[in-house]
Amino acid sequence: MEVSTEVVRVAAELSRAIELTMDPCVPQERRMEAYIACDRFKDTSPLCAQCGLYLAQRTGNSHFVRHFGLQLMEHCVKYRWNQISQPEKLFIKENAMKLLAAGTELGLQEHNHIKDALSRVIVEMVKREWPQQWSTLLSELSEACTCGETQTEMVLLIFLRLVEDTLESNLRRKDIYQALTTNMSEIFTFILRIIEEHCRQFQALSSQMNHPAMAAHARVVQVALLTLTGFVEWVSISHIMSNDGRLLHVLCLLLADPHFNTSAAECLLQIVNRKGRLEDRRPLMILFSADAIKYMFEAAGTSSDKILDEPHYFFLKKLTQVLTGLGSQLCSLWAKEDGCPPNFATYLEAMLTFTSHPSLTLAHYANTLWLSFFKHDLISKDPTFLSFVPKWVQSTSPKIVKASYPTIRCSGSPETVAYACMDYDSDDEYAAFFHRCRTEFLDTFRCATIVAPMVTFQYVEDWLTRRVTLSMIATTKIECSLQSCTFLEWEGLSQVLESVMSRILVCCERPSVGSGLILLELCLNYQPLDPLLLSVLLSCISSLFVFVSMATADISSVMLPRVLEKIFAALVFSLPGQTKDTRSRAVKNVRRHAASLMVKIGQRYPLLLLPMFDRINATVQGLNQDPGQLSKMEREALILISNHFCDYERQTKFVGEVIAPGAQQWVLLAQEAFKGPKEFMAFVGLDRPPVEPSTEDLNGQNRAHIIFCVDLFMAAVKRCAWPEDPDRAAHGGFIVGRTEAGNPVCRNPAAPHIIPLLPQLLALLKIFNQLWTPEALSGLSEGYRTAHNMLEVDKNNLLGIGNLSPIDVLDLTKPKAQTPQDRMQHFLSMVHDFCYHILGNTGPSFGRDLYQLQGLAPGLVASVFDNLEEVLEATLTRTLTREYMDVMKVALIGALLTNNYTTTNVMFYSRALSWHDTIASLKATFLVAPVVRHLFSDHSLTPQVAAHIMTCVLQGLALHGQHEANQGSLLVLGVQMYEILRPKFINILEVMNQIPNCSPQDIQKLDDKILMSTCKTHNKVDKNKKEIFKRLTNQLVGRSVGQLFRKEVQIADLPRLELPNKQKPPIEENTSGQDIGLCRLFKT
């Protein structure tokens, strides 16, 4: 082919420019100039295709230059195909196919991106010409495959890219999809033949050690499998199952070949994850045949024993997902009448291989399937499956024990560390995954307990007995850290024990109470001196407490005091030489754990503790003589138990006694500190330099008093309640009236003691808002300038970053070092949050006692909502507008019922459509239509209001139309408004004519449809009307920044593709006059 001198000259300039852009030694400015010149040529030059071909076919050019030449050809096809002449189209098409047939270079010498670029040039032409104007495409591609491995690989890439583009784009999708479907049998046969043929050649060459030729054939097989992966997810199942499932058989065979196993597994994964009707997926059960299961089981077994390397590990992940995907299909297709599929035991053995694998990721993949099986009504009862439950328990339990990343390992194989390092780049990533993974393992343990309670209980019984026995016979004192083997095992054991015990009561078959009490006795007799071990021991006691509730009254009366004694001992636990100010974090943790356990037992088993209330109360009062011994949670537990007094007077008296110390202190604090922001800052020390150490900070004592009061009040508000049983509430004196519907109105025993303290609470909330005023901020001491900043833990939560660093974990046994700045930040944040929790809980807890207070609403406005302009405006506006729209929705319902609505309301809702918040705008779209219908029926709308409504809809589309959900709702609303308003208000046309490039013909079409229809309104919008309205407003719809400068791809429609009609079987007429039984068929 002769090339003009102009093309040669321009191509040489382009070649130099491309080489310049890829030269790291060239200054950035020159490279940018070269980039701009190349892009300008690509967009404007008429020689784009000719220069591109010249650069691509010159083998002397670098691969950068040849790739750019192919890009020029693709650009010309993609963006100019509708403008260039037919000879130019033929020139590009013929030369592209010549490039394909000739091959760029030898397969192993050519870069993959060059092959991909050429395939994309042809795909872009296929998308515009096939099949109507390129009927010989498939035969040409088949002919190209005969030229060599490189050509075959590029043909396969053409099929792959065509499928990918067709599924992602709607342009000519129907025509291409029909053409692919029509020829799918031939395509599948073609690809499968390539796989088998090149596999045979690969095996034959392997004996000759011809590595270059082997690599060429291996590459073809890999690309063929990749191409199949793009088809198998959506094609008809008949193509996959043709020839008795030959494709599946070949894929299973390839799992044993390390050159192809990953690609084969990926293809199988797409097949087993197919969606659709059950009838279409049922043929996939052929994978449970003896041969298929054998190949997968052997691949799982042999692969797990191989040396760790990244490609092999990637294959293991894919194979695990294949097996879990097949199991998910089984969950959907398992029928009661069919029963267990063949070779189910072998399949479960394969799954068990990955469950016990050192990699936590593989075990996590497998666990998702075990969880589905345990939840399945039929599979969970299958004898074969039940026989594997003990094996699953044995394999999964070690995974619950924490594993440190990546260097510290107390037990287990070092392979686990290697796999963790391959999967995760940091300890934070690994910790987050381990937490999520262990949560799912424990959830599976809960489900397994429901299925086989005796199996899981027997395992934890043996584990706990062994662990306690080993700890008790230890001759030396056990000192633990969070990395010690002993603690890690205890902690994992406590987690599994809690999961199993939490489901014991819902099981049909339960372990004997005696066996559970023996375990509890074992835990009570163990006296660890290490706070970490004592904490996990409390967790075990908490889990086993369920057996106390199941025991007889005589036994529980003996065991309960011993449990409480253990808890109270932990409640005041301390290490020698430690004081309140020097307690380690581990000691504080175990004391807090004991208090939380008291609350938990009081919440779950209050009736069990009720007979011992006086004894518990006396113990708490005795410990309360030393203020440093208790927290507020012990009192919280007592309040929970008192809820079952079923005697209002007795309960309110007790609550008053609990609250009294805090209430008196609260009033005194308010007189001194809650007068204003200046007084409050002086009281807590915000206006003074920070003091170290904390023991010398006198203002720290003031802060502690505020925290004590707020903490105590929140416990009373959240925990104190009236009896749920109406009869008990009536007999106990809790009911003070009834509603109009006859429902009882109850009084809360804590209300008389808390409500008088609310004025001081509101005053404190007002001060918190006033702390943001310029005067208050200027009064902060230099050391507390950032005291109002967001806590680090909150920042990390917003950013999705883990809060516990390895250093924090390692130093858990030591006092946590906090700066005065940290302490002040935590104080302000905690008190602020607690005050709002108290206020929020008083509504549901106190009910009428709260809402009947005089001046409640003005008091809230003057305190809670005071000085809110100082808060971040954007955040506050978005939050309030969204919630305000919810409030207005409720108000709308009431207003429509009472016919109490005006045009002011609809104008407000309409304006909300163009607020700068997508969620608020979306909520407003559902409010405008009912209001407009209501006002239209009342004849309350004016032309001005109608124009305003329509304008707001269009403004909403301009601002939020880029978001799919908003655009759909606004288009529906726009059609509804036009349908309601246009017949009566002619000025709506003036609004529509203001849309840029609006077509008068489309407006007339919409007018005709609207005016020809009746004036009745419907909830559903006619699809044709919506399409016309969408076309009208298309130029108005807003676009995201990422789409603003995107070059649009246009593909012209070709003549309609005529498919051969299916022949219907002829109907034979009965002309012989013989009786064919119709009369008897319909005879009664």
Discussion item. Taking the 0 to 90 degree range and rounding to the nearest ten, how far is the long axis of helix 820-846 tilted relative to the main principal axis of the chain, both from C-alpha atoms?
Written reply: 80
Fill in: Between helix 242-254 and the chain: long-axis angle, C-alpha atoms, 0 to 90°, nearest 10
70
Worksheet item: Can you list residues whose amide H is under 5 Å from Val745's amide H, if they're 5+ apart or on another chain and H is modeled 1.01 Å from N?
Response: Val736, Gly737, Arg738, Thr739
Practice prompt. Take the alpha-carbon centre of region 352-371, take the same for region 272-344, and report the distance between them in whole Å.
Written response: 14
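Can you flag which of Lys588/Lys632; Lys580/Lys632; Lys566/Lys718; Lys632/Lys718; Lys1005/Lys1030; Lys93/Lys127 are past 22 Å Cα-Cα? Walk me through the numbers on the way to the answer.
Working: Lys588/Lys632 14 Å; Lys580/Lys632 16 Å; Lys566/Lys718 27 Å; Lys632/Lys718 13 Å; Lys1005/Lys1030 13 Å; Lys93/Lys127 13 Å.
Distance filter (> 22 Å) returns Lys566/Lys718.
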Item to complete: Whenever you get a sec, compute what percent of the accessible area on region 880-1038 sits on carbon and sulfur atoms (1.4 Å probe).
Response: 55
Worksheet item: Dipole of the chain, Cα-centred, from +1 at each Lys and Arg C-beta and -1 at each Asp and Glu C-beta, to the nearest 20 debye?
Response: 1800
Item to complete: Any chance you could check the Cα centroid distance between region 560-632 and region 113-178 for me, in angstrom?
Response: 74
Item to complete: Could you work out how far apart the two model spin labels at Arg277 and Lys984 are, taking each label as a point 7 Å from the Cα in the direction of the beta carbon, and quote it in nm?
Response: 4.9
Discussion item. Within region 367-525, what whole-number % of the accessible surface is contributed by carbon and sulfur, with the 1.4 Å probe and all protein chains included in the calculation?
Written reply: 56
Discussion item. Keeping every protein chain present and rolling a 1.4 Å probe, give me the accessible area per residue for the chain in Å².
Written reply: 50
Worksheet item: Hey, if you put +1 on the Cβ of every Lys and Arg and -1 on every Asp and Glu Cβ in region 645-877, which of Leu799, Ala663, Pro820 ends up farthest toward the positive end of that dipole?
Response: Ala663
Worksheet item: Over region 645-877, what percent of the accessible surface lies on carbon and sulfur atoms, probe 1.4 Å?
Response: 57
Worksheet entry | Hz values of 3J(HN,Hα) by residue in region 137-144 - Karplus curve (6.51, -1.76, 1.60), Gly and Pro given as x | 4, 4, 5, 5, 5, 4, 5, 5
Practice prompt. Can you tell me the dipole magnitude for region 313-436 around its Cα centre, using point charges on the Cβ only (Lys, Arg +1; Asp, Glu -1), in Debye to the nearest 20?
Written response: 200
Discussion item. Straight-line reach from Lys675: which lysines fall under 17 Å, measuring Cα to Cα and dropping same-chain residues less than 8 apart?
Written reply: Lys766
Discussion item. Just to check I understand the Karplus step: with θ = phi - 60° and J = 6.51 cos²θ - 1.76 cosθ + 1.60, what whole-Hz values come out for region 886-893, glycine and proline as x?
Written reply: 5, 5, 5, 5, 5, 5, 4, 4
Worksheet entry | Loop-located GluC sites (Glu not before Pro) in region 89-178, at most 16 other Cβ atoms within 10 Å (DSSP) | Glu105
Worksheet item: Measuring from label point to label point, each 7 Å out along Cα→Cβ, what is the Glu740 to Asp626 span in nm?
Response: 5.9
Worksheet item: In nm, to one decimal, how far is the modelled label at Phe865 from the one at Ala432, with both set 7 Å along Cα→Cβ?
Response: 3.9
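In deg cm²/dmol, rounded to 500, what helix-only [θ] at 222 nm does the chain give when every DSSP H run of at least 4 residues adds -39500 (n - 2.57) and the total is split over its residues? Kindly include the intermediate steps, with their values, before the conclusion.
Numbers: 54 runs with 725 residues, N = 1084.
Estimated from H runs of four or more residues: -21500 deg cm²/dmol.
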Discussion item. Computed from the coordinates I sent, Cα Rg over 2.2 N^0.38 Å equals one of [x] 1.84; [y] 1.13; [z] 1.21. Tell me the label.
Written reply: [z]
Fill in: Out-of-range pairs (alpha-carbon distance over 21 Å; input Lys600/Lys795; Lys42/Lys78; Lys275/Lys1023)
Lys600/Lys795; Lys275/Lys1023
Worksheet item: If you line up the long axis of helix 389-400 against the longest principal axis of the chain, both from Cα atoms, how many degrees apart are they, to the nearest 10?
Response: 80
Worksheet item: What residues have an amide H closer than 5 Å to that of Gly961, excluding those fewer than 5 places away on the same chain, when H is modeled at 1.01 Å from N in the peptide plane?
Response: Gly1038
Worksheet entry | Straight-distance crosslink candidates among aspartates and glutamates, where the alpha carbon sits under 14 Å from Lys375 and sequence neighbours closer than 8 are dropped | Glu440, Asp443
Item to complete: May I ask for the distance between the Cα centers of region 516-542 and region 640-655, given as a whole number of Å?
Response: 32
Discussion item. I'd like to know which of Thr1033, Leu442, Cys199 lies farthest towards the positive end of the charge dipole of the chain, counting +1 on Cβ of Lys and Arg and -1 on Cβ of Asp and Glu.
Written reply: Thr1033
Worksheet item: Once you charge only the Cβ atoms, +1 for Lys and Arg and -1 for Asp and Glu, what is the size of the charge dipole of region 645-877 about its Cα centre, to the nearest 20 debye?
Response: 460
Discussion item. Using the Kirkwood radius over C-alpha pairs as Rh, can you work out the diffusion coefficient of region 880-1038 via Stokes-Einstein at 10 °C, viscosity 1.306 mPa s, in µm² per second?
Written reply: 101
Worksheet, complete the sentence: Karplus ³J(HN,Hα) for region 270-287 (6.51 cos²θ - 1.76 cosθ + 1.60, θ = phi - 60°; Hz, whole; x = Gly/Pro) runs 5, 6, 6, 9, 4, 9, x, 5, 4, 4, 6, 8, 4, x, 5, 5, 4, 5
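Tell me the trypsin sites (Lys or Arg not before Pro) within region 550-617 that lie in a loop according to DSSP and have at most 14 other beta-carbon atoms within 10 Å.
Here the sparse-neighbourhood loop sites are Lys580.
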Discussion item. Using +1 at the C-beta of Lys and Arg and -1 at the C-beta of Asp and Glu, which of Ala965, Cys267, Gln321 has the Cα lying farthest in the positive direction of the dipole of the chain?
Written reply: Ala965
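The values are calculated or read from the model by the stated rules, or taken from the named source; none is laboratory data. What you see is a predicted model, and the numbers here were worked out from it, not measured in a lab. Methodologically, a virtual Cβ is constructed for each residue, glycine included, from the backbone with ideal geometry; neighbour enumeration extends over all protein chains shown. These area figures cover heavy atoms from the full protein model, side chains too; ligands, DNA and RNA do not enter into them. Shrake-Rupley method; radii C 1.70, N 1.55, O 1.52, S 1.80 Å.
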